[in-house]
Ligand SMILES: [Zn+2]
Ligand SMILES: [Zn+2]
């Protein structure tokens, strides 16, 4: 139930007509006032701006018609219930069988895991609304608030998010995106359908976050002309024959999963992303050589880059280098300087130590020696769980590069 924080109105008694303060009492049937600031101060400020002598009842009315900062509904409109934001969901697996589908997700906003179950018809199509088998489909359930919400509280209805499901009309939906949209997720409907081949190349000047998930794109063009503000890009199962160009100078975070093509566009993207902080990939399978150079780079996580033979890293702020299940890495270089970025570093900068994850890898001797020779490199404390088959191609000794150096 929604409840007002009446304690915030105590100061009203200081006005010329102090008797008004006693006229505002919480109804007996109301729940106890929420510890969450209900924004009464904002309502008071608005009412004061209109007329400093407005009765408290008017203040309460103003309050009730203001929108909740979390869900956008009126403050007087029931409880605050927010579904998990689509762009913050992590797919943690699906199971199909016995006429049902079970789809599990983890939410980055609230940290909860949940599983939805749908009945399937004979053709495997979902019937009716899914039911929640475990966890909850709600990211937040509680009292409304006028906020402002803490910057890291992402449990909210995102007003400038477009969640596009890739059905037969997906190209029309992409073309109709609001020009001011900030977050876009394009995702498969029930199945990955390689007959649906949209293009994502339209100008979206304010777009900051783009997720292209399990859709057989024909072309993706993200350039300073189309998406100059793009900060985060996530791609999953974009097909090898997709024509991709990513040149976005504001990029901070990139995640690529299941990309079977070569590294051409990936390297070009890296070369045009001087502010990149995090690069995270899983099964970037045919990338043979990659060069990372960035003054802001903190995380480079290459998991199952099966064919990666040569890697160069200049990253004075690096904290983690993931090489899990790198089966072919022979050449690993850590250049001491960069022709452009080195000059931009403060003279006092001390390069950070970084953890290296080499679980299930198969490193060449030269690559292992490069790790041993780098005084910043430590064995990482954590590794990905990985598929059971991942270790089949691993060297039994590759995870011992630091032991061999005598540091343990
Ligand atoms: Zn709300
Ligand atoms: Zn959530």
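At-a-glance table
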item: Mean Cβ neighbour count within 10 Å, used as a protection proxy, ranking 212-218, 349-355, 364-370, 119-125 highest first; result: 212-218, 364-370, 349-355, 119-125
item: Cα extents of the stretch 203-340 along the three principal axes, largest first (Å); result: 39, 30, 20
item: Of every Cα-Cα pair in the stretch 99-248, the percent that sits beyond 27 Å; result: 34
item: Those residues of the stretch 287-313 whose amide nitrogen sits under 17 Å from the label point placed on residue 340, 7 Å along Cα→Cβ; result: 291-297, 313
item: Relative pair counts by distance (%), Cα atoms of the stretch 58-130, 5 Å bins; result: 3, 14, 16, 13, 13, 13, 10, 8, 5, 3, 2, 0
item: Size descriptor, Kirkwood hydrodynamic radius, that averages inverse alpha-carbon separations across the stretch 160-250, Å; result: 12.9
item: Quarter of the Cα convex hull surface for the stretch 107-189, i.e. its orientation-mean projected area (nm²); result: 7.8
item: Hull volume in cubic angstrom per residue (convex hull over the Cα atoms of the stretch 251-408); result: 106
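Read the figures in this text as sums done on the coordinates, not as results from a lab. Values in this document were obtained by computation on a predicted structure and should not be read as measured data. Glycine gets a Cβ as well: all are built from the backbone with ideal geometry, and neighbour counts include every protein chain shown.
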